[in-house]
Number of protein chains: 2
Amino acid sequence: MPAEPLLLSEDRLRALVALHLDVVDVIEQAFVALAEGRVIMPPIMSMELPMLNAEVDAKTAFIAGLDVFALKVSTGFFDNPARGMPSLGGMVNVLSALDGSVRAVFLDNGYLTDLRTAAAGAVAARHLAPEVVTTAGVIGTGLQARLQMRAAHLVRPFERVLVWGRDLEKAASCAADLAQDIGVEAEVCSDPRLLVKRSQLVVTTTPSFTPLVQADWLHPELHITAMGSDAPDKGELHPRCLTRADLYIADSAAQVRLRGEWRAALESGDWTGDDPAELGQVIGGQAKGRTDPRQITIADLTGTGAQDTAMAAHVLERLADA
Amino acid sequence: MPAEPLLLSEDRLRALVALHLDVVDVIEQAFVALAEGRVIMPPIMSMELPMLNAEVDAKTAFIAGLDVFALKVSTGFFDNPARGMPSLGGMVNVLSALDGSVRAVFLDNGYLTDLRTAAAGAVAARHLAPEVVTTAGVIGTGLQARLQMRAAHLVRPFERVLVWGRDLEKAASCAADLAQDIGVEAEVCSDPRLLVKRSQLVVTTTPSFTPLVQADWLHPELHITAMGSDAPDKGELHPRCLTRADLYIADSAAQVRLRGEWRAALESGDWTGDDPAELGQVIGGQAKGRTDPRQITIADLTGTGAQDTAMAAHVLERLADA
């Protein structure tokens, strides 16, 4: 009979795994598996609770070769801050890929989601950003703004980070944290246009419903990762950014069609080309990545169940090694 | 801050809740809530793993007025019996409907699903079967065959139960268990046609891919509950049964369209009428139920997230009372 399920608290998980290159590599392999057709990943289950200003998502994926798979629940209860609680939460169910038995429950309150999301940003930067990034810019001032910049710095050790947010005080606080955490110069940029202009790598991390980045801001030698949009009505980039770029890459084409920046570009009619290639195809060489430092590239990350399953397997490996 | 999540084992859950009328009433109220539009229930997330002969489903639903909601994971790993393990398993995540925090994890291995599925059969029998049922028949010989008959007997105290299965030895074992558990006469019926003919209430409980009940077997004063089909390629009743019946009722019209008996009847062109009414509408009086003892009625149960949420709330109530 299968062993009793392991129950791991957020504290325990924080002690086991953190935002280092090993996690970036784990997430990179999840994208490779996706591109190689070694992943079975059903559409996201999503429950909107408008009267509670809340939403609940579940993601799952099976990756051939891993002995577990995750089924992750993510919660967003956006009135929580008024109760002194974070908006985002969740937990991860880890099941045996051999017999379906429950192997573990990670009561992570979204910590592993934060990690794997940041790690995906680093994977995108590693494979798409110009080789030399001296200035990185982040749009948004929350936890992912901090994590995305920390993750990006692992693969593109920039000297300077620019922060823009609607609330300049929050932007200042984010910049101060980044200066301390990464040990780089950090400044608040009061104009997102200027932030894009000065950066070679930009990450957008907001739940915006209206475009924050305009197409005519894009310039040679720029990579943008848009990771904020994860629902059918969100979007951070003007749809024309996607066609203006030399390359637009999805984490999952099926998901960005419904939940990514691609959705608006399809709806507006701006996008008339083929389906975008996927990040895993770029990593594996089945699709072209950046071929010239002067190109403009965009990566669209909506977050995949494959990342959750890869993270869950990694946590159990770390635990076995500990 | 929210309290630590409760972790309940299958043993603990078995001690807390069992197949009694209180559970039938709880599930009945879930159907009423569905019919009254007090439920938000996204489509089932389903992951087929054909190379493992396995499938994983997740269901969730929010019911207004309950302070928790469930997100349930069900596993079917159909090679498990060769490993000495049951095919079906799963677990239930119970989350706060106030702030999304994890309130409990039920490591029930599918026990609560078994209960709420059997209870739904009793609800269907209560509202659709002829008032007088002397003989009940069950098609299938597994755990649900036993539970469905036990549940049906709570609301229609029949004197005799007939059992048919492809494997007559298993049918004999099921009949023996039912005789002992319910205290009624129980016989194996070697011909499903005869079983239907002799019964006023029939429950089909198989994962069949081909119809087991033919339309010309249906007779006045008969109710059939088909609860086995829960996937897009399953079906237990010949599509013409649905049109031959005076009344065909769904647990969820959206679900039976994809996963119930209705799917095949739509595909074959046999069904040309309106969408079926739902069980909760019959209970609440918004839709007609049986109006004459001589009618033929069919209930199609695919299993809803609303049932899982109602069960989860009931478990926590029982725990608070204990």
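Every number in this text was worked out from the coordinates using simple rules, so none of it is lab data. Small disclaimer: the values here were computed from a predicted structure and weren't measured. Positions of Cβ are backbone-derived with ideal geometry, glycine not excepted, and every protein chain shown enters the neighbour counts.
Observations, loosely collected:
- For A:Gly269, inter-copy separations between label points set 7 Å beyond Cα along the Cβ vector come to 3.9 nm, shortest first.
- Inter-part distance where the stretch A:1-66 and the stretch A:158-219 are each reduced to a Cα centre, Å: 28
- Label-point gap, in nm, between A:Gln180 and B:Glu10 - each point 7 angstrom along Cα→Cβ: 4.9
- Anisotropy class of the stretch A:1-156 from Cα gyration tensor, a/c 1.5 cut: oblate
- Theoretical FRET efficiency, 1/(1+(r/R0)^6), r = Cβ-Cβ of A:Met51 and B:Thr272, R0 25 Å, to 0.05: 0.10
- Cut-off under 5 Å, modelled amide H: who pairs with A:Gly90 long-range: A:Thr75, A:Asn109, A:Gly110
- Candidates A:Ile296, A:Ile44, A:Ile27: whichever shows maximal mean-square fluctuation once chain A is modelled as a Gaussian network with Cα springs under 10 Å: A:Ile44
- Starting from the label point of A:Asp79 at 7 Å along Cα→Cβ, the same points in the other copies fall at 4.9 nm, in ascending order.
- Sequence-ordered 3J(HN,Hα) estimates for the stretch B:84-94 from the Karplus curve with 6.51, -1.76 and 1.60 and θ = phi - 60° stand at x, 10, x, 5, 9, x, x, 7, 10, 8, 10 Hz, glycine and proline given as x.
- Charge sum, other residues only, whose C-beta stays under 10 Å from A:Thr75's C-beta, Lys/Arg counted +1 and Asp/Glu -1: -3
- Residue-wise HN-Hα couplings along the stretch A:219-236, as the Karplus relation 6.51 cos²θ - 1.76 cosθ + 1.60 with θ = phi - 60° gives them from phi, are 9, x, 6, 9, 10, 10, 10, 9, 10, x, 6, 9, 9, x, 10, 9, x, 10 Hz; Gly and Pro carry x.
- Per-copy distances of the A:Asp167 label point, shortest first, in nm (7 angstrom along Cα→Cβ): 6.2
- Over the Cα atoms of the protein assembly as shown, the radius of gyration divided by the Kirkwood radius equals 1.03; this is the Rg/Rh ratio.
- Among residues of chain A, the one whose Cβ lies closest to the rotation axis carrying chain A onto chain B, together with that distance rounded to whole Å, is A:Met45, 2.
- The phi-based Karplus calculation (6.51 cos²θ - 1.76 cosθ + 1.60; θ = phi - 60°) puts the 3J(HN,Hα) values of the stretch A:36-47 at 8, x, 9, 10, 10, 9, x, x, 4, 8, 10, 10 Hz, whole numbers, x for Gly and Pro.
- Inter-probe distance in nm under a simple model that places probes 7 Å from Cα toward Cβ, at A:Asp25 and A:Arg38: 1.5
- A:Arg83 versus A:Asp67: modelled label distance in nm, points set 7 Å from Cα along the beta carbon direction: 3.9
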